Amino acid sequence: MIRLALIALLAGTAPAHAQTPTPPVPRSTGTPYAARSLPDRIILTPAADPARGMAVAYRTDAAQSPSEAQIAIAVDGPTLEEKAQTIAGSPGTAKDSANGPALYHQIRFDNLTPDTVYAYRLKGSAGWSEWLQFRTASTEAKPFRFLYLGDIQNGILTYASRVIRQAFHANGGIELVAHAGDLAAQRDDLDHDDEWGEWNQAGGYNWSIVPQLPATGNHEYVDVALPDGTESRRLGPYFPLQFALPDNGVPGLKTTYFVDYQGVRFIILDGTSAIDLGTMAQQTKWLDATLASSKATWNIVLFHQPVFTCARPQDTAEIKAAWKPVFDKRKVDLVLQGHDHCYSRLTSEAGREASATTRRNGAIQGPVYLVSVTGAKMYGLNDRARTQPDKTAEATELYQVVDVANDGGIDRLTFRTFTASGKLYDGFDLEKRADGNHLTDTTEPTIAQRTCTGLIGPDGGKCVARGK
């Protein structure tokens, strides 16, 4: 047998029974992500009615089986524990990983008082976490600010963390964070547990005090082989453990949900399940009904695969055919997306010149379609992106800050896109008047268009945007 193997090796082939070794899964160098004796990976999420409910998901070591929290209305002295209510949840869910065993916990805080600051802490096997604070939403339409992030996915700690931290550092008062899917790569970028460890480290305590609205992307799913030899997908193990989401979406599909926050209805869809797992019809019916029942001033839809692409050869045909007519009929205001690893703000399928002309003539603005990226993986712009969207960028990490306000009786969304270092790149105001929405481009100075020129990127180094 040894001689046969040697002959095959000398001939440049391997014996039939030989197997190519599986390459090792990359790990986060020098970054330990083993569960500890105090809670970590603490993520706050809103209830469907965030004026009266919040939820928290977190991780402990295997010694802390019970899920236990304390919560109190915040006071201004160090006496929070005196009136704290202890809340017990179900025992933690065991998850073994490359970083060892851990327990994932979820606790829901119900019957809260609207527009009130609360403090909570979580129990680990060595004791309590620090006190963490959040404010419940108001029951009324009230000004607030939220953050919208595209795919964090790659270079999570190395590159994306600075964008997330810049967003919070430079823009106080962020009350929600909307994630357009692919929070982690969950394929071959890193060991999956390391990826989610990096994602939690990148956002740090911000994830535990500001409610998160995550959509699933294709990378929240993992590939599985079916008995007939074909491939399918299933939701990866980390997403449902990391996020305690409202259970008010498509029946049986907990990656869809909606949240009403101070005059805005956020509707979260699952494009991967719709396209690959046959739930398009159910999601479309639910989307239409959820928009029809909305009493909110603004309706914002969040999902991963974009209707209009800025990188791929073709638009996402299935989603465009099923969901765009609903967006138009129900007068959706913003559509927030990811997946393309480039930036695009599109206000008319007819193109930027046609859109600008109709705006000058006082035309009503339909849904505004946004695509953005926060992490390090970049795709080059497609041909349509040169003329169809109002503004595009490639090879650029971004974050978006959206202010919801009523100024002098006029309801307004102020949308601003910033680069990783905090430079204003794009912006517009969307006013809701009696006849419909009207869009005005910002008059604030913005930096020049960021695209590659041949092999040279917009920062003068190599172009890191690869073709899709």
Completion exercise
Here the equivalent ellipsoid of the chain, derived from its Cα gyration tensor, has semi-axes (largest first, whole Å) of 35, 33, 21
Completion exercise
Sorting Y104, S208, Q305 by the position of each Cα along the dipole of the chain (Lys, Arg +1; Asp, Glu -1; all at Cβ), the one nearest the positive end of that ordering is Q305
Practice task
Once you have a ≥ b ≥ c as the square roots of the Cα gyration tensor eigenvalues for the stretch 296-346, tell me rounded if a/c is under 1.5, and otherwise prolate or oblate according to whether a/b is larger than b/c.
Solution key: oblate
Practice task
Anything over 32 Å Cα to Cα? Flag those among K123/K295; K254/K468; K95/K468; K95/K331; K83/K432, in the order listed.
Solution key: K123/K295; K95/K468; K95/K331; K83/K432
Practice task
Could you sort 276-284, 365-373 so that the peptide with the highest average Cβ count within 10 Å comes first and the rest follow in order?
Solution key: 365-373, 276-284
Practice task
Can you tell me how much longer the chain between A225 and T93 gets when fully stretched, taken as 0.36 nm per residue apart minus their C-alpha distance, in nm with one decimal?
Solution key: 45.0 nm
Practice task
Give the value in nm², to one decimal: projected area of the alpha carbon convex hull of the stretch 272-415, averaged over all directions.
Solution key: 9.4
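Please arrange K83, K123 by how many other C-beta atoms lie within 10 Å of their C-beta, fewest to most. Provide the component values of the computation, followed by the final result.
Values: K83 10, K123 22.
Final ranking by Cβ density, sparse to dense: K83, K123.
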Exercise for the section: For the chain, give the magnitude of the charge dipole about the Cα centre (Cβ charges: +1 Lys/Arg, -1 Asp/Glu; no others), in debye to the nearest 20. Expected result: 520
Handout entry: Equivalent ellipsoid semi-axes, the stretch 40-135, via Cα gyration tensor eigenvalues times 5, rooted, Å
Key = 24, 15, 10
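Where the only charges are on Cβ atoms (+1 Lys, Arg; -1 Asp, Glu), what is the dipole of the stretch 329-468 about its Cα centre, to the nearest 20 debye? Mind showing how you got there, number by number?
On the way: 20 positive and 18 negative charges, 83 e Å.
Dipole size: approximately 400 debye.
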Fill in the blank from the handout: Checked the stretch 83-172 with the C-alpha gyration tensor, a ≥ b ≥ c its square-rooted eigenvalues, rounded below a/c of 1.5, otherwise prolate if a/b is larger than b/c and oblate if not; verdict oblate
Handout entry: Convex hull volume per residue in cubic angstrom - Cα atoms of the stretch 166-322
Key = 155
Handout entry: Per residue Cα convex hull volume in Å³ - calculated over the stretch 193-264
Key = 122
Fill in the blank from the handout: Long-range share for the stretch 254-307, i.e. C-alpha pairs more than 16 Å apart as a percent of all pairs, stands at 39
Practice task
Nearest 5 is fine: what % of DSSP beta bridges in the chain come out antiparallel, could you say?
Solution key: 75
Handout entry: the chain - percent relative contact order, Cα under 8 Å, separation 6 or more
Key = 14
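At 0.692 mPa s and 37 °C, plugging the Kirkwood radius over alpha-carbon pairs of the stretch 369-425 into Stokes-Einstein gives what diffusion coefficient in µm²/s? Display every interim value, and only then the final one.
Values: Rh = 13.2 Å.
The Stokes-Einstein estimate is 249 µm²/s.
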Exercise for the section: Note down the magnitude of the dipole of the stretch 133-219 about its Cα centre, charges +1 on Lys and Arg C-beta and -1 on Asp and Glu C-beta and zero elsewhere, to the nearest 20 debye. Expected result: 620
Problem - Lys/Arg +1, Asp/Glu -1 at C-beta; the stretch 144-466 dipole; positive extreme among V368, A274, S161 - result: V368
Exercise for the section: Please report I364, I209, I275 as a ranked list, fewest other C-beta atoms within 10 angstrom at the top and most at the bottom. Expected result: I364, I209, I275
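Using per-residue counts of other Cβ atoms within 10 Å, averaged over each peptide, order 164-176, 259-271 from highest down.
259-271, 164-176
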Practice task
Take the Cα radius of gyration of the stretch 400-468 and divide it by 2.2 N^0.38 Å, with N its residue count; two decimals is plenty.
Solution key: 1.50
Handout entry: Given charges at Cβ of Lys, Arg, Asp, Glu: the stretch 40-135 dipole, positive-most of S129, V56, L80
Key = V56
Practice task
Which order do the peptides 201-208, 38-45 take when ranked by the mean count of other beta-carbon atoms within 10 Å per residue, highest first?
Solution key: 38-45, 201-208
Handout entry: Cα-based convex hull volume of the stretch 225-273 per residue, rounded to whole Å³
Key = 93
Practice task
Grab the Cα-Cα distance for T31 and I73, subtract it from 0.36 nm times how many residues apart they are, and report the gain in nm with one decimal.
Solution key: 11.6 nm
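Where a number appears in this text, it was derived from the coordinates with a stated rule and is not lab data. Only a predicted model underlies this, so the values are computations on that prediction, with no experimental measurement involved. For neighbour counting, all protein chains shown are included, and Cβ atoms are generated from backbone atoms with ideal geometry for every residue, glycine included.
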